[in-house]
Amino acid sequence: MAVPKKLDDESVRLFAISKLPWIKKQKKKFLSQERQSKREFVSGESHYFRGTRYLLNVIESKEKQRIEIRNKKYIDLYIRPNSTIEKREKIINEWYRYYLKQTIPAYIDKWEKLIGVSVNEFRVKCMKTKWGSCNIESKRIWINLELAKKTPRCLEYIIVHEMVHLLERHHNERFHAYMDKFMPNWRSIKAELNNMVYEEKG
Ligand SMILES: [Zn+2]
């Protein structure tokens with residue numbers, strides 16, 4: 001985004017207004033991704049885990065309900081016969097949640113040392129418009145369950161972003177300077193996360 005060179009109040013105002021449609025478009029894009037991810041949880045459907053596409057294979061059985069990855073290609077979903085879509089989705093979401101709960105603490109430990117902040121608690125939840133959020137006062141971060149579907153570097157980027165909020169509340173220059181310092185390639189990861197192409201500035 002190019003900021004106008006001569007910054008009188010009017011051009012700043014017009015610049016900000018000119019970006020409004022872009023902001024709205026990004027939000028809409030996020031919501032449409034959400035809609036596209038509405039699935040029926042039947043065999044043959046594509047599902048993502050850690051940035052990789054897998055084919056769902058539904059196995060109706062009386063065994064313990066669970067998920068198993070097979071041949072780096074299939075997600076085997078063991079489920080009771082005649083389970084509803086909601087029940088299938090619940091089992092998969094619990095598996096995603098388990099993965100995040102297992103994975104996030106090591107990232108927090110690593111970045112607490114590098115950034116010099118401490119996180120009291122993290123929680124995982126479904127969020128419609130945000131990948132993560134941070135409650136600065138309670139030093140608690142929230143991570144979107146959807147991140148289980150994205151590459152580990154996307155998950156790590158969001159954790160770092162939320163932890164940097166413990167140094168700076170707003171998305172201002174100071175915030176971005178911290179991001180550049182701690183994670184110099186954050187812009188390309190952000191673009192990956194939002195399915196956009198990011199071109200490095202020459
Ligand atoms: Zn933020």
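Quick check: residue separation of residue 112 and residue 73 times 0.36 nm, minus the Cα distance between them. What number comes out in nm?
Values: separation 39, 0.36 × 39 = 14.04 nm, distance 3.50 nm.
Length gained, residue 112 through residue 73: 10.5 nm.
Students often get this wrong, so check it: of 73/181; 90/130; 113/190; 38/150; 87/130, which have C-alpha atoms separated by over 27 Å?
Distance filter (> 27 Å) returns 73/181.
Would you work out if the stretch 92-197 is rounded, prolate or oblate? Take a ≥ b ≥ c from the square roots of the eigenvalues of the alpha-carbon gyration tensor; rounded if a/c is under 1.5, else prolate when a/b is larger than b/c, oblate otherwise.
On the way: a/c = 1.62, a/b = 1.20, b/c = 1.35.
Oblate, since a/c reaches 1.5 and b/c is not below a/b.
If I model a spin label at residue 175 and residue 136 as a point 7 Å from the Cα along the Cα→Cβ vector, what separation in nanometres do I get?
Between residue 175 and residue 136, the simple spin-label model gives 0.9 nm.
Net charge near residue 54, counting Lys/Arg +1 and Asp/Glu -1 over other residues with Cβ under 12 Å of its Cβ?
Summing Lys and Arg as +1 and Asp and Glu as -1 gives +3.
Using the Cα centre of the stretch 46-193 as the reference point, and only Cβ charges (+1 on K/R, -1 on D/E), how large is the resulting charge dipole? Debye, rounded to the nearest 20.
For this selection, approximately 360 debye.
Each reported figure results from applying straightforward, stated rules to the coordinates on display, with no laboratory input. This one's a predicted model, so the numbers in the text were calculated from it and none came from an experiment. Heads up, the Cβs are rebuilt from the backbone with ideal geometry, glycines too, and the neighbour counts pull from every protein chain shown.
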